[in-house]
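Peer 1: This is the structure I want to talk about, given as C-alpha cells.
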Amino acid sequence: MSSQNLATSRPDADRPGDGQMRNRDRQLQKQENSRLLREDIAEKRLVFKSLPEIINLNQTSVCNLRCIMCFQAYTPGTETLPMSRVHAILDDVLPTAHKLKLTTAGEPLIGEFEEILDIADQYECKLDIITNATRLTAARLERMEGMLDHLAISIDSHVEEVLDHIRGEGVHRAIMKNFRELGEFLGDRPRSYLTSFNMVLMTSNVPHLSGFVRFAREAGVDHVRVIRMSYMTQELKEKEDPFHCFAKEELDRHIEDARQEAKRLGLNLILHEVGYKNVISRTERMVSPEPIQSRYCSQMLQEVYIQPNEAIYPCCIPGDLFMGSLKRNRFEEIWNGRAYQRLRKQMFSQELVGPCAKCKLYRAYRDDDAYDYIPGSRTLRGFSRIPDPLKKLADRAREAFFGEKKKKKGKKRKRS
Ligand SMILES: C[S@@+](CC[C@H](N)C(=O)[O-])C[C@H]1O[C@@H](n2cnc3c(N)ncnc32)[C@H](O)[C@@H]1O
Ligand code: SF4
C-alpha cells in the first residue's frame, strides 16, 4: 500500500468521537480522495492512492418478505453483519467516501438501520436505499432527510391482488398505509432527493402497466425502472416470465400503451433493461457523486460492495469476482490487493475476462451509453438528448449574450 494513501495517512485524531474534525475538513478529505481517484484512473494505476467514493453495504441477507421471483422464496437469507463489525468497517471506509448505499440482498429497513444511519451521518455521507417500503415510516424518512440522495421503492404493481400475489398477502395494505403517512408528512415540503419505483416485469403485472404509470405519477416519483426478471426455476419462468407467456405483439402493445401514458403524464419510464426504448419526459435530479466519465466501469473503480459475511466484491453481481475478506485483511489491503490489481489491469487494457466481459453495464460505459443505465445520471450525460424548454431557452440566451453557437451534432466527444 502506498504511503501516500489517504486512509493510511489519516491521523487517529481524525476519527469521529473526539469532536476535532470539523465539517469542512471532512468534506475536504472527501474532495481530495475524489481528486486522487480521478488521478489514479488517468494514470492507470494498479495500486490506488484513493479509496472508493461509494460504499455499498449489504448488512443483512435477511428479509421480512418472500417475493415469488426472489431467491428469498427458495433459500431465505440468514446472514447479518454484527454491528460491532459494521462500526469497525465503516470507520475505515466512510471518512473518504461520499455515499453509503444500502442495497441489500435482504431488506435494509429491518435490523439496525437507525444505528447505521448515525454512522453515515457522523461521516457526512449521502445515502441511497432500495427498500420494499413495508417498514418505511414518516419518522424514518424524516431521519433520512438531508442525507438521502436516492430512494428506490420496490413495488411491482399498484393492484392489490397482483402485488399480494407477488410480494405476499397484506403487503399492499402495509405499503399503502405507509404511503399515506409519508404523503401527509411530505405535504408541500420540497424534496431534495431522487425517488423511483422499481418494478420487476412479470406476467401478472404486465396488463396493469399503464395503470402503474398513472399511479407512479400520482405518487410523485421521478421515474419507474422496469427490471427484467431473472428466474431461478423453470416453473417461475413458465408462470411469470412475460417473454415466455405473452405473444410478442401482445407484450409490445402493453409496453407501448405504458410508454404513451408516461409521455402524456411527463413521467420517466426506464425500459432498456427489458429491451424497450426508455421514455425520458423530463430532466431528473442528478445523483452524486457523478459517475466517472471514462470508458472504464465506473462501478469497479468508484464503488465497493461489502457482504454480510465480510466478503468484498467490485460490483453488484458478485459471482466469481471475490476480492478478499475483511475477516482476514483490512479494507485497504484488499482494495490494493492482487485480485483488485489484476482486475484494474484488465480494465485499463480493455481486456476483461469472466463476468465483466459479458456485462451490459460495462458495455454501456465503454460505448458511452451509461446515462441510460444509471438512474439520476441523465441530467449529466443525456442532457442534450432530453427535450427541455428551459434548456432551449438557456441555449438561446447563451447565443444572444455570447454569440456562442450550439456544437454541431454528429461529432464524437473525446473521452479520457
Ligand atoms: C433483492 S431486492 C433487495 C432490496 C429490498 N428487499 C427490495 O425488495 O427492494 C433488490 C431488487 O431486486 C429486485 N428483484 C427481486 N427478485 C428479482 C429477480 N428475480 N429478478 C430481477 N430483480 C429482482 C427487487 O424487486 C428489488 O427491486
Ligand atoms: S422484499 Fe426484496 S429481498 Fe425481500 S423477498 Fe422481496 S425482493 Fe427479495
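Peer 1: Please list 3J(HN,Hα) in residue order for segment 133-147, calculated via the Karplus relation 6.51 cos²θ - 1.76 cosθ + 1.60 where θ = phi - 60°; whole Hz, with x for glycine and proline.
Peer 2: For segment 133-147, the Karplus curve yields 6, 5, 10, 8, 9, 4, 4, 5, 5, 4, 4, 7, 4, x, 9 Hz.
Peer 1: P(r) for segment 177-300: what percent of alpha-carbon pairs falls in each 10 Å bin, starting at zero?
Peer 2: Bins of 10 Å from zero give 11, 36, 31, 20, 2 percent of pairs.
Peer 1: Let me ask something additional. Tell me whether segment 161-244 comes out rounded, prolate or oblate; compute the Cα gyration tensor, take square roots of the eigenvalues as a ≥ b ≥ c, and use a/c under 1.5 as the rounded threshold.
Peer 2: Prolate, because a/c is 1.5 or more and a/b exceeds b/c.
Peer 1: Calculate one ³J(HN,Hα) per residue across segment 299-314 by plugging θ = phi - 60° into the Karplus curve 6.51 cos²θ - 1.76 cosθ + 1.60, and present them in order as whole Hz with x for glycine and proline.
Peer 2: Once rounded to whole Hz, the list reads 4, 5, 8, 10, 10, 8, 10, 10, 8, x, 8, 6, 6, 10, 10, x.
Peer 1: Right, another one. Take the alpha-carbon centre of segment 304-333, take the same for segment 127-169, and report the distance between them in whole Å.
Peer 2: Taking the Cα centre of each part, segment 304-333 and segment 127-169 sit 27 Å apart.
Peer 1: In bins 10 Å wide, starting from 0, what share of all Cα pairs of segment 221-278 does each bin hold, as a percent?
Peer 2: 22, 47, 26, 5
Peer 1: Kirkwood hydrodynamic radius for segment 42-117: how many Å is it when counted over pairs of different Cα atoms?
Peer 2: Taking every pair of different Cα atoms in segment 42-117, averaging 1/r and inverting gives 14.1 Å.
Peer 1: Excluding residue 172 itself, what net charge comes from residues whose Cβ is under 12 Å from its Cβ, given Lys and Arg +1 and Asp and Glu -1?
Peer 2: Its environment carries a net charge of -2.
Peer 1: Next up: Considering only the other residues whose Cβ falls under 15 Å of the Cβ of residue 114, what net charge follows from Lys and Arg at +1 and Asp and Glu at -1?
Peer 2: Surrounding charge for residue 114 is -4.
Peer 1: Two decimals is fine: what's Rg over Rh for segment 58-214, C-alpha atoms, Kirkwood radius as Rh?
Peer 2: 0.98
Peer 1: Where does segment 85-171 land on the Kirkwood hydrodynamic radius, alpha-carbon pairs, in angstrom? The partial results should precede the final answer.
Peer 2: Values: mean 1/r = 0.0708 Å⁻¹.
One decimal place: 14.1 Å for the Kirkwood radius.
Peer 1: Still on this structure: Give me the mean projected area, in nm² to one decimal, of the convex hull enclosing the Cα positions of segment 273-317.
Peer 2: Reported value for the Cα convex hull: 5.2 nm².
Throughout, read-outs are computed from the coordinates displayed, never taken from laboratory work. As the structure is a computational prediction, the values presented were derived from the model and not from experiment. Because the Cβ atoms are built from the backbone with ideal geometry, glycine has one as well, and the counts that use them run over all protein chains shown.
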